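Comments concern the structure below.
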Amino acid sequence: MTSTLPARAPRLSGARALFTGRAGGVSTGDRAALNLARHVGDDPDAVERNRQRVAAAIGAPLVFVDQVHSAEVHVVAGPTGGHDAGEVPVVSADALVTRRADVALAIMVADCLPVLLADPVAGVVGAAHAGRAGLLDGVLEATISEMRALGSRPEDLTASIGPSICGACYEVPAAMREEAATRLPATRARTRWGIPALDLRAGAISVLRSAGVPPAAIDAEHPCTREDESLFSYRRQASTGRFAGVIRRT
Ligand SMILES: [Zn+2]
């Protein structure tokens, strides 16, 4: 890292990656300081400066998608070298994959799971926004499928599930918990205060394992957004910013 941007390091192979936090940016108020989202009422110039700081830290232009809680995957294709991420049109999707090393994939979150994937053998990276809807609709399976289409094998993948709301904090209606559990039993949880909850991280781990990612290659040791005030959390404060999981092939 040539930048001093405060960030958490995922445990991945074949990629340079980071999870940003709240510190290190220029936004103020509820979005202080490193808000990366344009859709949360922040000053667009501040968001752009924040994004440039993250791009500098990762060493490549950032590619974002318009995240809509889907299982759609955007393949960032095209030749490597000399292409600015600004040439890539913004599309609606909740995951990105690429073989390119000259761009960094960025997924924004504030409680949902930022899941980063890297295949050091085939040279493919991916990033997914896995909230409740996307996880249950198969966004991680779809991301791995697109990585396979680019030559990746699941047994070679390394994965990191970044800072996100934990199963002891993510309160949901009982019916929602039951519906989720029928599709993904590992999500069934209870809050610290005894209310039905969803453990999306446990659900994501089970999906990754089922897809063939080796358990030892799954990094899920990151803090809970609702509990850690160095991170944006929509559940803790509805008026907030977004941090990001960012990954670049090496
Ligand atoms: Zn928590």
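The values are calculated or read from the model by the stated rules, or taken from the named source; none is laboratory data. Model, not experiment: these values are computed from the prediction. Neighbour counts run over all protein chains shown; Cβ positions are idealised from the backbone, glycine included. What goes into the accessible areas is simple: the full protein's heavy atoms, side chains included, and nothing from ligands, DNA or RNA. Shrake-Rupley method; radii C 1.70, N 1.55, O 1.52, S 1.80 Å.
Roll a 1.4 angstrom probe over the protein heavy atoms and tell me the percent of accessible area of the stretch 7-249 that is carbon or sulfur. Walk me through the numbers on the way to the answer.
On the way: 4670 of 9490 Å².
That fraction is 49 percent.
Send over a whole-number figure in Å² for the accessible area per residue of the stretch 137-178, probe 1.4 Å. Write out the running numbers ahead of the final one.
Numbers: 1500 Å² over 42 residues.
Result: 36 Å² per residue.
How large is the helix-only mean residue ellipticity at 222 nm for the chain, computed as the sum of -39500 (n - 2.57) over DSSP H runs with n ≥ 4, divided by its residue count, in deg cm²/dmol to the nearest 500?
Counting only the DSSP helices, I get -6500 deg cm²/dmol.
How large is the Kirkwood hydrodynamic radius of the stretch 49-182, counting all unique pairs of alpha carbons, in Å? Working shown, then result.
On the way: mean 1/r = 0.0642 Å⁻¹.
Roughly 15.6 Å, rounded to one decimal.
With a sphere of radius 10 Å drawn around the Cβ of Arg248, what net charge do the other residues whose Cβ falls strictly inside it have (Lys, Arg +1; Asp, Glu -1)?
Working: positive: Arg16, Arg100, Arg249; negative: Asp102.
So the surrounding residues net to +2.
Take each of the peptides 97-105, 66-74, average the number of other beta-carbon atoms within 10 Å over its residues, and list them starting from the highest.
Numbers: 97-105: 24.7, 66-74: 18.1.
My ranking of the peptides, most packed first, is 97-105, 66-74.
With +1 on the Cβ of every Lys and Arg and -1 on the Cβ of every Asp and Glu, and nothing else charged, how large is the dipole of the stretch 167-245 about its Cα centre, in debye rounded to the nearest 20?
Working: 11 positive and 9 negative charges, 36 e Å.
Dipole about the Cα centre, nearest 20: 180 debye.
Could you compute the net charge surrounding His74? Neighbours are other residues with a C-beta less than 12 Å from the C-beta of His74; K and R count +1, D and E count -1.
Values: positive: none; negative: Asp66, Glu72, Asp94, Glu146.
The answer is -4.
Treating only the Cβ of Lys, Arg, Asp and Glu as charged (+1, +1, -1, -1), what charge dipole size does the chain show about its Cα centre? Round to the nearest 20 debye.
Details: 27 positive and 27 negative charges, 93 e Å.
For this selection, approximately 440 debye.
Considering only DSSP beta bridges whose two residues both sit in the stretch 93-250, what percent are antiparallel, to the nearest 5? It would help to have the intermediate numbers written out before the result.
Details: 24 of 27 bridges.
Of all bridge pairs located within the stretch 93-250, approximately 90 percent are antiparallel.
Could you calculate the contour length gain from Ala133 to Arg209, that is, 0.36 nm times the residue separation minus the distance between their Cα atoms, to one decimal place in nm? Intermediate values should be presented prior to the final figure.
Details: separation 76, 0.36 × 76 = 27.36 nm, distance 1.93 nm.
Answer, rounded to one decimal: 25.4 nm.
In a Gaussian network model over the chain where Cα atoms closer than 10 Å are linked, find which of Ala133, Ala175, Ala106 has the largest mean-square fluctuation.
Ala175
Under a crude label model (7 Å from the Cα following the beta-carbon direction), how far is Ala175 from Gln52 in nanometres?
Each label point is offset 7 Å from its Cα along the Cβ direction, giving 5.0 nm.
When a/c is below 1.5 the answer is rounded, else prolate if a/b is larger than b/c, else oblate, so apply that to the stretch 7-249 with a ≥ b ≥ c taken from the square roots of the Cα gyration tensor eigenvalues.
Values: a/c = 1.80, a/b = 1.12, b/c = 1.61.
Here the stretch 7-249 falls in the oblate category.
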